[in-house]
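Peer 1: For reference, the structure I am asking about is given below.
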Amino acid sequence: MGKGYTGEIIQRHADGKREGEYLSVNVDFILLPDPTFALLLSEMKELGRKIWDKNRVLVTVDHFAPPSTIERANIAKAVISFSTEEEIPNHSIYQGICHQLLVEGPWLKPGKLVLGADSHTTTAGALGCLATGMGSTDILYTLVTGKTWLRPPDTVRINLKGKLPPYIMGKDIILELLGRSGEGGFLYQALEFYDMDGVIFMDDRFAICNMVVEGGGKNGLFRPDKVTRRYLEKRDGHCDNWRDSFDEEPSYIKRMEIDLSSLHPKVALPHSPAQAVDVDDIKGEVIQQVFIGSCTGGRLRDLEWTARLLRKRKVAPGIRLLITPASQKIYQEAIKKRYIQTILEAGGVILNPSCGPCGGIDKGILGAEEKCLSTSNRNFQGRMGDPSSKIYLASPLTAAASALAGRIMDPREVM
Amino acid sequence: MGLPKRITGRVWKLGDHINTDILHPSPYFSLNEARVNEGLVEGMERLGTDAKKDSPDEGIIIVAGENFGCGSSRETSVRGLRSFGVRGVVAKSFSRIFFRSLTNLGLLALECRDIQERVKDGNSVLLSIEEGWIELADKRRFPFSPIDSHMKKILEAGGLIPYLRRERDER
């Protein structure tokens, strides 16, 4: 079989209809970010149908946040007007990146089936959900029916074991995995992570699950454990209906193992997230910009380590260091803990929580031939600006170290 | 709408791991069809395919390698293909969101590992949906993987939205 927890979640949501290899399933929650939600609004109006359950959607204005062109202003406006008219209770304007807001809110718990109109919806798998992205037309179908058609995927178990060195973050772990599998190496598969020693922080789990899609994965989930439980208790003030059956071991088609203690900080070379090398192999590469942010690299732990490295130091002359906290909540925490102050003193520039530079949407666009080290998830050609620019992906630690050096730098040399 | 028995088209040949950021650069994200089309032309130029030369009414078939359409879920890339006159994509393998979006918008997404190395940009190809093969300019035929019966229903309806209307009428 090899269906994992993912297969179990699909089975529990199946409504009994089947066609070909696809099962019809009930969906628990939908994430609707501004551009891809806007794309389905006119068709939704034409269909003359309503959202199946208004309480089970989160609408975010986070891509065009705030809008930088008239057209984007009108797209954001259409989304805001629709959400207001339809009285959608969970709608968030400029409060942060959708994938962070989705896990900050009280909606998701282990075992939920979640869809989003954005490929990085896989992020929420860190909470033990089956979370995956789809295109706007698929999302429209779910929005009015509460259902979708899923093909149960083959599932790969990935054991993460050993002591986590202080210089290794979630980004290094997922880049290691993508480097091993190659781009598309997990096509259509579900990845299930087992943190064997309970050492991986939730923020790092989000970074890992966020990027399973870069390997072609349908979804990635962390087997719920004490880290998950602690996160939910802190978030909700309680943790009800915790299933103890997570200990029962489902079957997998394949097993992989990553020994955390032997990992080196990783860098993905242009133009593929799977082109991962050890930082030593690219050390010294001159860059012009460092971006620390996005739905995979702008969380509190990312800002904490950025601040720790930058403390009482200065960003190298000529380097533009851009920081985007993933949400307003994280931003406020980072202010309270003085991370923001430290970053500013070192010469960093703080942008408001939004998608911004990661997708080449606004602020921090790269010019011709420029090179940027980024903690985001994709280094595809032209993603952050000019088609001749180059993006290197790395952890916030490696990014902060590189901002200080003005070139790609091993964080172990400054820690 | 419905699913035609046969389709002919001129080939746009692409490589492996063609992502949606290059296929349709994000600055061209728009609700305006003309702007979306400009994005596709820009993407095709970046990929070295001379899209400007092609007339939409000829019918275009993209022939690509592995993991076609990886990356973002932005459906503008698929909408661009559709409004430009692309009838379908034959690839060695597809990225899952892109595969679904092609089908959802009524475009064929066919898996075939044998033809990408054998075609050139501008070649004409013939697809027999009914019999499950692709015929190249030299008349050689190669089978594509059978279309799943669920996906076939969506394609026969003309896409997921017409399928949704039909599903509702049947209730």
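Peer 1: Picking from A:I88, A:I93, A:I75, which residue would you name as being aliphatic (A, V, I, L, M), free of Cβ contacts under 8 Å to residues at least 60 places away in the same chain and within 10 Å of chain B (Cβ to nearest Cβ)?
Peer 2: Sole residue among the options that is aliphatic (A, V, I, L, M), free of Cβ contacts under 8 Å to residues at least 60 places away in the same chain and within 10 Å of chain B (Cβ to nearest Cβ): A:I75.
Peer 1: So, in the range B:55-91, of the ones that are more than 22 Å from A:R378 (Cα to Cα), in contact with a Lys or Arg (Cβ under 7 Å, 6 or more places away or on another chain) and not charged (D, E, K, R), which residue ends up nearest to the other protein chains (Cβ to nearest Cβ)?
Peer 2: B:V63
Peer 1: Another question about this same structure. Output the residue which, of all residues in the range B:92-126 that are more than 11 Å from chain A (Cβ to nearest Cβ) and assigned to a helix (DSSP H, G or I), is surrounded by the most Cβ atoms within 10 Å (Cβ to Cβ).
Peer 2: Looking at the filtered set, the residue picked out is B:Q116.
Peer 1: Before we move on, is A:C358 closer than 26 Å to A:E214 by Cβ, more than 14 Å from chain B (Cβ to nearest Cβ) and touching a residue at least 60 places away in the same chain (Cβ under 8 Å)?
Peer 2: No; evaluated as a whole, the condition is false for this residue.
Peer 1: Taking B:E111 as the residue in question, decide whether it is within 22 Å of A:G215 (Cα to Cα), among the acidic types (D, E) and touching a residue at least 12 places away in the same chain (Cβ under 8 Å).
Peer 2: Answer is yes for this residue.
Peer 1: Scan the range B:108-136 for residues that are in contact with a Ser or Thr (Cβ under 6 Å, 6 or more places away or on another chain) and over 15 Å from B:A64 (Cα atoms) and jot them down.
Peer 2: B:L126
Peer 1: Same structure, new question: Identify the single condition in (1) within 14 Å of another protein chain (Cβ to nearest Cβ); (2) crowded, with 24+ Cβ neighbours inside 10 Å; (3) over 21 Å from A:G215 (Cβ atoms) that A:G385 does not satisfy, given that it satisfies every other one.
Peer 2: (2)
Peer 1: Suppose we filter A:E183, A:E214 for residues that are within 24 Å of A:T306 (Cβ to Cβ) and at the interface with chain B (Cβ under 10 Å from one of its Cβ atoms); which single one remains?
Peer 2: On inspection, the qualifying residue turns out to be A:E214.
Peer 1: Which one is farthest from the other protein chains (Cβ to nearest Cβ), of the residues in the range B:127-171 that are in contact with a Cys (Cβ under 9 Å, 6 or more places away or on another chain) and within 30 Å of A:L140 (Cα to Cα)?
Peer 2: B:F144
Peer 1: Here is a check on your reading of the model: is B:I97 of a type in the set (A, V, I, L, M, F, W, C), modelled with pLDDT of 95 or more and farther than 30 Å from A:S376 by Cα?
Peer 2: When the stated conditions are applied, B:I97 does not pass them.
Peer 1: Restricting attention to the range A:218-238, does a residue exist that is part of a loop (DSSP other than H, G, I, E, B) and free of Cβ contacts under 8 Å to residues at least 24 places away in the same chain?
Peer 2: Yes, the range A:218-238 contains a residue that is part of a loop (DSSP other than H, G, I, E, B) and free of Cβ contacts under 8 Å to residues at least 24 places away in the same chain.
Peer 1: Restricting to the range A:317-342, and then to whatever is in contact with a strand residue (DSSP E or B) (Cβ under 8 Å, 6 or more places away or on another chain) and closer than 11 Å to A:A403 by Cα, can you tell me which residue is surrounded by the most Cβ atoms within 10 Å (Cβ to Cβ)?
Peer 2: Here the residue is A:L321.
Peer 1: Could you pull out the residue among A:S402, A:S376 that is out of contact with any Gly (no Cβ under 7 Å at 6 or more places or on another chain) and either closer than 14 Å to A:P325 by Cα or not in a strand (DSSP E or B) (or both)?
Peer 2: Criteria check complete, one pass: A:S402.
Peer 1: Please go through the range A:385-402 and pick out each residue that is in contact with a helix residue (DSSP H, G or I) (Cβ under 6 Å, 6 or more places away or on another chain) and hydrophobic (A, V, I, L, M, F, W, C).
Peer 2: A:L397, A:A400, A:A401
Peer 1: In this structure, is A:S272 modelled with pLDDT of 95 or more, among the hydroxyl-bearing types (S, T, Y) and surrounded by fewer than 18 Cβ atoms within 10 Å (Cβ to Cβ)?
Peer 2: So A:S272 does not fit the description; no.
Listed here are the residues, each with its yes/no results for (1) within 29 Å of A:P411 (Cα to Cα); (2) crowded, with 23+ Cβ neighbours inside 10 Å.
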{"position": "A:G111", "(1), (2)": "no, no"}
{"position": "A:T121", "(1), (2)": "no, yes"}
{"position": "A:L140", "(1), (2)": "no, yes"}
{"position": "A:V144", "(1), (2)": "no, no"}
{"position": "A:D154", "(1), (2)": "no, no"}
{"position": "A:I168", "(1), (2)": "yes, yes"}
{"position": "A:E176", "(1), (2)": "yes, no"}
{"position": "A:G182", "(1), (2)": "yes, no"}
{"position": "A:Q189", "(1), (2)": "no, yes"}
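Peer 1: Now, a different point. For the range A:66-83, name all the residues that are out of contact with any helix residue (DSSP H, G or I) (no Cβ under 7 Å at 6 or more places or on another chain) and not charged (D, E, K, R).
Peer 2: A:P66, A:S68, A:T69, A:I70, A:A73, A:N74, A:I80, A:S81, A:S83, listed by residue number.
Peer 1: Among the numbered criteria (1) within 12 Å of chain B (Cβ to nearest Cβ); (2) over 26 Å from the mean Cα position of the chain (by Cα); (3) in a helix (DSSP H, G or I), which one does A:S81 miss?
Peer 2: The failed condition is (1).
Peer 1: Show me the strands (runs of 3 or more DSSP E) found entirely inside the range A:108-216 where at least 1 residues are of a type in the set (K, R) and over 30 Å from A:E86 (Cα atoms).
Peer 2: Correct list: A:155-161.
The values are calculated or read from the model by the stated rules, or taken from the named source; none is laboratory data. Everything numeric here is computed off the predicted structure, so don't read it as measured data. Here the Cβ is made from the backbone with ideal geometry for all residues, glycine too, and neighbour counts use every protein chain on show.
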